[in-house]
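A short worksheet on the structure shown next.
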Amino acid sequence: MSLESYMSRIGQQARAASRLLAKASTQQKNMALFAMAEALENARPRLISENAKDMDNGRAKGLDSALLDRLLLDNKRIDGMIEGLRQVAALPDPIGEISDMVYLPSGIQRGQMRVPLGVIGIIYESRPNVTIDAASLCLKSGNATILRGGSEAFYSNQAIAEAVTAGVIAAGLPEHAVQVLNTTDRDAVGMLISMPEFVDVIVPRGGKSLIERISKDARVPVIKHLDGNCHVYIDDEADLDKAFAIAMNAKTRRYGVCNAMESLLVHCAVAEKILPKLVSALQEKGVSLVGCDQTRAIDASIEAATEEDWYTEYLAPKLSIKIVSDMDEAIAHINQYGSHHTDAIVSQNYSKTRAFLTEVDSSSVMVNASTSFADGFEYGFGAEIGISTDKIHARGPVGLLGLTSQKYIVLGDGHTRDN
């Protein structure tokens, strides 16, 4: 079968499945999620062995440590996938929810009903756990989905797909509710994003080049973010112990994730108090540091930051540091150089934190907390399909509600319009 025929068949199957999923009961959908969790548990040895093939191939191809970390499936991450399925099952089902029902002067009632988007295509790299996150959220929100993982995770994704399909079938839902493409042909991506007759939304998860390509070439709407250039600003009225813990966690918890801190902004009044301790701790962790002239005056071992550094999402043990004169300068820097993903302030001043929340133009803005919390699981969504820095439809971690739309409904009793 040609690739064109294969992709057309996948699209037709997804569209047909979406019609059935739209009317599936909450009980059916939850049964499928629990069955998927059980299937993953039973497949644990196979998942690890198949992932080992991907890890070996990744090392042979020279993938760096951050990418290999994203690719790894171990028992802890399988536990997380299973827990994510159970959490999504426990979430309220948004489909069919009716809101804003009002009587109008004509006597009719008008309201809105929450409905699935239809068929969601998801294109992602490296992280095989995305397969489960995407499958669970799409299924619970009544959407069919077509998943195209990266070639580096091919064996892991195919093993996960078997467990997903087993769970879907066990609950009596359509077999093609979740389809994982079984080809590594790059042309499949171009076809997937060019099938508006079958696909309603595309969600790309991966590097900037992938997302830029999808955004440029897609013929269907895209939910996306290009960069995760996240900032932590330490104010002159910060609790410095809290500031130290937050900055260290935001940067060193994991380097290859989009919610990691990439730039640290420090008020000039506290820079000499906190930076020496932070710099020492970060360097002990192997973090490479670049900074502004004021930062380098405090520690000459720090390399000079370039203009490009302020724009860069490193996804690596590297951090840029800038000393600012006040919060307004910090906010201006974030809004100019940031990616509108996640930014945090550390301060004990209530008025300043409120201003920061209002003025920073990002999808998540935090007060006295690590940027690492910008995550669907941590936000109580059970899992996330991705993080959107767009301003329309969905913004921030995209959970169940972000995968739905609303339609207007009207209730009458023989009402007719006179004029």
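The values are calculated or read from the model by the stated rules, or taken from the named source; none is laboratory data. Everything quoted here is computed from the prediction, not taken from an experiment. Every residue, glycine as well, gets a Cβ built from its backbone with ideal geometry; the counts of neighbours run over all protein chains shown.
Does any residue of the stretch 359-370 turn out to be within 27 Å of the chain's Cα centre (by Cα), acidic (Asp, Glu) and surrounded by 21 or more Cβ atoms within 10 Å (Cβ to Cβ)? Looking for residues that are within 27 Å of the chain's Cα centre (by Cα), acidic (Asp, Glu) and surrounded by 21 or more Cβ atoms within 10 Å (Cβ to Cβ), one finds none in the stretch 359-370, hence no.
Matching residues to (1) within 21 Å of Gly207 (Cβ to Cβ); (2) among the β-branched types (Val, Ile, Thr); (3) not in a helix (DSSP H, G or I):
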{"position": "Arg127", "(1), (2), (3)": "yes, no, yes"}
{"position": "Ser136", "(1), (2), (3)": "no, no, no"}
{"position": "Ser156", "(1), (2), (3)": "yes, no, no"}
{"position": "Ala161", "(1), (2), (3)": "no, no, no"}
{"position": "Val164", "(1), (2), (3)": "no, yes, no"}
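Answer with yes or no whether Asp343 is of a type outside the set (Phe, Trp, Tyr) and in contact with a Cys (Cβ under 8 Å, 6 or more places away or on another chain). In short, yes.
If the condition is being among the charged types (D, E, K, R) and either over 13 Å from the mean Cα position of the chain (by Cα) or at pLDDT below 80 (or both), then the stretch 205-226 contributes Lys208, Glu212, Arg213, Lys216, Asp217, Arg219.
To keep it simple, each residue is scored yes or no on (1) buried (at least 20 other Cβ atoms within 10 Å of the Cβ); (2) over 24 Å from Arg148 (Cβ atoms).
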| residue | (1), (2) |
| --- | --- |
| Ser2 | no, no |
| Tyr6 | no, no |
| Gly11 | yes, no |
| Ala22 | no, no |
| Ser25 | no, yes |
| Lys29 | yes, no |
| Phe34 | no, yes |
| Glu38 | no, yes |
| Ala43 | no, no |
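When Met261 is tested against (1) more than 17 Å from the chain's Cα centre (by Cα); (2) buried (at least 23 other Cβ atoms within 10 Å of the Cβ), only condition (1) is not met. It is to be established whether one or more residues within the stretch 365-381 are polar (S, T, N, Q) and within 30 Å of Gly118 (Cβ to Cβ). No, every residue in the stretch 365-381 fails to be polar (S, T, N, Q) and within 30 Å of Gly118 (Cβ to Cβ). Entry remark, the stretch 112-160: residues being free of Cβ contacts under 8 Å to residues at least 40 places away in the same chain and closer than 24 Å to Asp375 by Cβ number 3 in total. Based on this model, can you work out whether Arg254 counts as closer than 30 Å to Leu357 by Cβ and either among the charged types (D, E, K, R) or exposed (fewer than 15 other Cβ atoms within 10 Å of the Cβ) (or both)? The answer is yes for Arg254.
Residue check: Glu152 meets all listed conditions (1) touching a Gly at 6+ places or on another chain (Cβ under 7 Å); (2) modelled with pLDDT of 95 or more; (3) not aliphatic (A, V, I, L, M) but one, namely (2). For the condition surrounded by fewer than 21 Cβ atoms within 10 Å (Cβ to Cβ), in a helix (DSSP H, G or I) and touching a Phe, Trp or Tyr at 6+ places or on another chain (Cβ under 9 Å), Ala281 qualifies.
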